Each structure stands twice: as structure tokens, then as C-alpha cells.
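The values are calculated or read from the model by the stated rules, or taken from the named source; none is laboratory data. Just so it is clear, the structure is predicted and the values come from calculations on it, not from any experiment. Cβ: placed from backbone, ideal geometry, glycine included. Neighbour counts: every protein chain shown.
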Amino acid sequence: MRFAASTWSLIESLVWTESQTSCKLTARRIGLILEEVDLANIKSQIKRNRQNEKKRLRNRIVRGTTRSVVKNAHKAIETGEVETSQGAVLSAISALDEAAQKGVLHKNNVARRKSRLMKRLAALTTK
């Protein structure tokens with residue numbers, strides 16, 4: 001991220017005042033406080049930056065929900081219940097396929113994750 005020079009002085013003052021009150025000011029909070037300043041002058045690049053930001057936010061939602069569903073599937077497998085595990089794995093596979101179709105995750109990455117999930121599920125059912 002690039003910030004304008006005046007923005008850096010604002011960040012430094014925020015960090016200084018936050019450190020005096022013994023609070024940690026993380027980069028994430030700085031990002032929430034300040035908007036990113038695009039330094040592009042070319043009209044097409046300004047448009048491309050807008051498009052990239054919209055895509056980033058859209059992809060972030062899909063990636064987050066996919067991550068949650070896969071985590072739930074892993075937890076279901078760890079409990080040892082076959083029926084709930086199968087349902088959780090199927091929903092995780094569906095979410096992964098959707099992410100691959102939308103182009104958020106690469107198809108080989110999705111295939112690897114699905115394979116690992118199915119391998120863990122198969123190990124559970126053979127016990």
C-alpha cells in the first residue's frame with residue numbers, strides 16, 4: 001500500500017498517541033482508519049485500481065466462507081461421527097468447487113484440498 005506523505009505523518013502521530021496510552025496500533029487498524037491513496041495519474045490505471053479493489057473484496061468473501069466450511073469439515077472429521085463428517089465434507093467440496101469456478105482459488109489447489117479431505121474421511125470410515 002502506498003500512502004501520501006501527509007498520511008505518513010498522521011500514521012506516526014496515531015502510533016505515538018496510541019503507544020502513550022499503552023495500546024497497540026496494528027497495521028490492520030491503520031488500514032481501517034485511513035483510506036489507501038492511489039498514486040496513478042493515468043485514467044485507465046485509476047479504473048483498473050477501482051476494479052481490482054472490487055474484485056479483492058468479492059474474492060475475500062468467497063475465500064473466507066470457503067475457509068470456514070473447510071475448517072468445519074476438519075472439526076467434524078476429528079469428532080469421529082461419520083454421518084456429520086460426510087455432510088460437512090460434501091459442503092466443503094461444494095464451496096471449494098464454487099471458489100474454483102469463480103477463479104478465487106486455482107483448480108489444482110482446490111483438487112489438492114478436496115483430495116486431502118476425502119482421504120481423511122476415508123480413513124475415518126474404514127476404522
**Message:** If I ask for residues that are among the polar types (S, T, N, Q) and touching a residue at least 40 places away in the same chain (Cβ under 8 Å), which ones from the range 38-71 would you list?
**Reply:** Asn59
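Please indicate, with yes or no, whether at least one residue in the range 22-32 is modelled with pLDDT of 65 or more and surrounded by 12 or more Cβ atoms within 10 Å (Cβ to Cβ). Explain how you work it out, then say what you get.
Within the range 22-32, the first condition is being modelled with pLDDT of 65 or more, and the residues that meet it are none.
Taking every residue of the range 22-32 in turn, none turns out to be modelled with pLDDT of 65 or more and surrounded by 12 or more Cβ atoms within 10 Å (Cβ to Cβ).
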